[in-house]
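Structure, as structure tokens:
The values are calculated or read from the model by the stated rules, or taken from the named source; none is laboratory data. Here the structure is a predicted model, which is why all the values come from computation and not from measurement. Quick reminder, even Gly has a Cβ in these numbers, built from the backbone with ideal geometry, and neighbours come from all protein chains shown.
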């Protein structure tokens, strides 16, 4: 797959342990596969973000995991149970992938596509305001 990379995101990923690099590159490929218009940037000084009409996700390498923050306002369905943290967070939920674990790429791709669709529809905040039955 071909997409425009931000060299600052490359620098961040290249500085991680090899197993984390592999996960980050996989997530990067998945988010770009969700929509070719996705852009990469750095926010919070060093953290890679993927955006399209709003934040989609961010990556953070920690000592024990790669944390993938999904900026969905908690409204994107998770039928495969891949969300590992932030269930009550009003802005973002998280998937922690530890060394030796396999990322559920098809489930993550589906979630990315829904986040992008929500962003294009005005973002999760607007969708929640306009649809009172959505999770708060």
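Some observations on this one:
- Cross-chain or 6+ apart pairs with Cβ under 6 Å, the range 4-15 first and on the phi < 0 side of the Ramachandran plot, then part of a helix (DSSP H, G or I) and surrounded by 11 or more Cβ atoms within 10 Å (Cβ to Cβ): 13/21; 13/24
- Qualifying position, being more than 12 Å from the chain's Cα centre (by Cα) and in contact (Cβ under 8 Å) with a residue 12 or more places away in the chain, among 45, 84: 84
- Qualifying residue in the range 89-109 (condition: over 13 Å from the mean Cα position of the chain (by Cα) and farther than 20 Å from residue 23 by Cβ): yes
- Looking only at residues of the range 90-132 that are surrounded by 15 or more Cβ atoms within 10 Å (Cβ to Cβ) and assigned to a loop (DSSP other than H, G, I, E, B), we find that the one that is modelled with the lowest pLDDT is 123.
- Qualifying residue in the range 56-66 (condition: part of a strand (DSSP E or B), in contact (Cβ under 8 Å) with a residue 60 or more places away in the chain and surrounded by 14 or more Cβ atoms within 10 Å (Cβ to Cβ)): yes
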